[in-house]
Each structure stands twice: as C-alpha cells, then as structure tokens.
1. Any idea which of 127, 54, 103, 90 is in a loop (DSSP other than H, G, I, E, B) and modelled with pLDDT of 80 or more?
2. Picking from 60, 108, which residue would you name as being outside any loop (DSSP other than H, G, I, E, B), touching a Pro at 6+ places or on another chain (Cβ under 8 Å), hydrophobic (A, V, I, L, M, F, W, C) and at pLDDT 90 or above?
3. From the list 33, 2, exactly one residue is among the basic types (Lys, Arg) and at pLDDT below 75. Which is it?
Amino acid sequence: MRHKHSDYMHWSKTQSRARFNLATSGVAWFPLRELPIDLDKLEINGDNSYGYAPLQEAIAVHHGVDPECVVESAGTSMANHLAMAAIIEPGDEVLIEHPAYGPILDVAQYLQANVTRFRAPKKLAGPSIRMRFGVG
C-alpha cells in the first residue's frame, strides 16, 4: 500500500497554534440536551439549495447587510473556493506559501491564476494564502 505524505497536513497537525484551527473537519461534539431550548421547536434543516434561508437572514440582520450578500458554505474548502472565485481573475498572479493545503492550489489553478510558490521565513512559517495582484 502506498503512503502519501502531505507537508501541509503534517504542519497543521503538529505545529499550528491557530485560535481557530481549520485543519480539522467537522463540528465538535456537543450534547443536544445541553442546549437551552425546547428541542421540539428547534429547526436546523430545510430547503437549502442556496443556503438555509433563516440562517442567512439572521446573519444578514446581525451584520446589517442584505440577505443577498450572505453566502453559506458547506465547509472550509468550499468557503475558500467561493472567496477565491470572487477575487481571482484568469491571469492574476497568486502567491501561495509552501506547504499549503492542496485544494487551495487546485482552486487557484482552476481559476486560471498564475501560481507562484514561496517559503516563508522560519519565524513567520505557517501555511496561509497571500495574494497580491499586479505584481511584476
């Protein structure tokens, strides 16, 4: 059996000290009985072809924006894709640190960006995406 190594995954699991670690998937376990509500009245699902409307409306109200400005993502990878698709145009130069989360590279290439990889100085090391347009 072949074993594939990911520099990024090794770094994220052993070196990341991020307050909100996006290197792991899923939602932390929490017992529903501890929620301060009547579970019979709890609605967390419904038609969500373009996001769960009540959630998007609540987020919009909280931030004082139109609900049309709120985009819901099924996870971090999709959120990264949506954010990158909103700002990257074909031919833009995108700088991506090494190591990096593989799907970040895939999305940049899918969006036809010119990807340049770099290693951060040791004291700043840690995967992140840094973009700069009009370089050169």
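The values are calculated or read from the model by the stated rules, or taken from the named source; none is laboratory data. All values reported here derive from a predicted model rather than from experimental measurement. Positions of Cβ are backbone-derived with ideal geometry, glycine not excepted, and every protein chain shown enters the neighbour counts.
1. Working: 127 fails: modelled with pLDDT of 80 or more; 54 fails: in a loop (DSSP other than H, G, I, E, B); 103 fails: in a loop (DSSP other than H, G, I, E, B).
Testing whether each residue is in a loop (DSSP other than H, G, I, E, B) and modelled with pLDDT of 80 or more leaves just 90.
2. On the way: 108 fails: touching a Pro at 6+ places or on another chain (Cβ under 8 Å).
Only one candidate passes the filter, namely 60.
3. On the way: 33 fails: at pLDDT below 75.
Selected residue: 2, the only one of 33, 2 that is among the basic types (Lys, Arg) and at pLDDT below 75.
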